[in-house]
1. Give me the percent relative contact order of chain B, please, defined on Cα pairs under 8 angstrom at least 6 residues apart.
2. What shape does chain A have by the C-alpha gyration tensor, where a ≥ b ≥ c are the square roots of the eigenvalues, rounded means a/c under 1.5, and otherwise prolate means a/b greater than b/c and oblate the rest?
3. Over 20 Å between C-alpha atoms is what I'm after, so list which of B:Lys7/B:Lys74; A:Lys61/A:Lys142; B:Lys7/B:Lys58 land there.
4. What shape does the range B:8-100 have by the C-alpha gyration tensor, where a ≥ b ≥ c are the square roots of the eigenvalues, rounded means a/c under 1.5, and otherwise prolate means a/b greater than b/c and oblate the rest?
5. What average count of beta carbons from other chains do you get within 10 Å of the Cβ of residues in A:98-104?
6. Under the definition of partner shielding as Cβ atoms of other protein chains within 10 Å of a residue Cβ, what is the mean value for peptide B:55-65?
7. Can you list which of the chymotrypsin sites (Phe, Trp or Tyr not before Pro) found in the range B:1-66 are DSSP loop residues with at most 15 other C-beta atoms within 10 Å?
8. When B:Ser32, A:Ser95 are ordered from fewest to most other Cβ atoms inside 10 Å of their Cβ, what list results?
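Read-outs throughout are calculated quantities, based only on the coordinates presented, and are distinct from any laboratory measurement. Values in this document were obtained by computation on a predicted structure and should not be read as measured data. As a convention, Cβ positions derive from the backbone with ideal geometry for all residues, glycine included, and neighbour counts pool all protein chains shown.
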Amino acid sequence: MQELKAVFESLEQLFESCNIDYNALKAQCLSKEWFDNYENQRIVNSFLFNYIKIQDKIGAKIFKMSLFELKEINDWSIPMIDILHTLEKLGIIDSIDEWDKLRELRNVLAHEYPADIEDRIENIALALDGFEKLKNQFLKIKKYCASKNILL
Amino acid sequence: MTSIRLKNKEISIIVNSFINTFQHGELYLFGSRTDASRRGGDIDLYITPFSKTELSRKKIDFLVNMKKGLGEQKIDVVIDRNYNREIDKIAKDTGVLLCRN
């Protein structure tokens, strides 16, 4: 249980950092000209770096560890699709489809061609929406775990 | 189309996902799956969409849609945005047309 608590805490720190870049990006009108400024690219890179880390930590750790502590699963080797079905059943994720889209977006972001500015701008807009969704899912699972007294 | 290394069912899933997501355009298979002498490998797809709006969102929807039918596997989707990159040239020169709609 301590390990789960530590992962929740580290995610909170990541969300805090990512939120600074998120607010900075939301205040901008992203364009090719805006990207020409390297300082602006740094904000994007910082946001995406934390975004991907958050996504990975939620997908690979929080979901499974929480369900294990909640005694919803008892096998660490359970396939991801079964984890998602359980999370959907508990109302922690809105839909498996939405999670799949976030996961594909994460992969697209990790493999994009940096020179394709138009592509990057669209991906960043999707990642900004994705960040909101990740935050929402994080808060939902945290609330759920707290209601079952497993984060004391 | 005889030399491509995809089952008919896989082609059908890919083409249906393409039409559901992009509606109109061209879909090509390129890369190692067009080479009958090789084994395994990623599925490399190239799309020339008719409409150029929301292409990143459509690419993600297309990938999610396809994987529902194909299961988890490595699929790379390159979209023609009129950039004329090296990858565009390779895909256009060597790709096998799967669908024109």
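1. On the way: 145 pairs, mean separation 39.3, N = 101.
Computed over chain B, the figure is 39 percent.
2. Details: a/c = 2.64, a/b = 1.97, b/c = 1.34.
Prolate, since a/c reaches 1.5 and a/b exceeds b/c.
3. Values: B:Lys7/B:Lys74 16 Å; A:Lys61/A:Lys142 13 Å; B:Lys7/B:Lys58 24 Å.
Checking Cα-Cα distances, B:Lys7/B:Lys58 exceed 20 Å.
4. Details: a/c = 1.67, a/b = 1.08, b/c = 1.54.
Judged from the Cα gyration tensor, the range B:8-100 comes out oblate (a/c at least 1.5, b/c at or above a/b).
5. Numbers: counts 1, 1, 7, 5, 2, 4, 9.
Mean number of neighbouring Cβ atoms from other chains: 4.
6. Working: counts 4, 14, 7, 1, 7, 12, 4, 1, 7, 10, 2.
For this peptide, the per-residue mean of nearby foreign Cβ atoms is 6.
7. Values: sites: B:Phe18, B:Phe22, B:Tyr28, B:Phe30, B:Tyr46, B:Phe50, B:Phe62; in loops: B:Phe50.
For chymotrypsin sites (Phe, Trp or Tyr not before Pro) across the range B:1-66 that sit outside H, G, I, E and B with at most 15 neighbouring Cβ atoms in 10 Å, the list reads B:Phe50.
8. Details: B:Ser32 14, A:Ser95 10.
Lowest to highest Cβ neighbour count: A:Ser95, B:Ser32.
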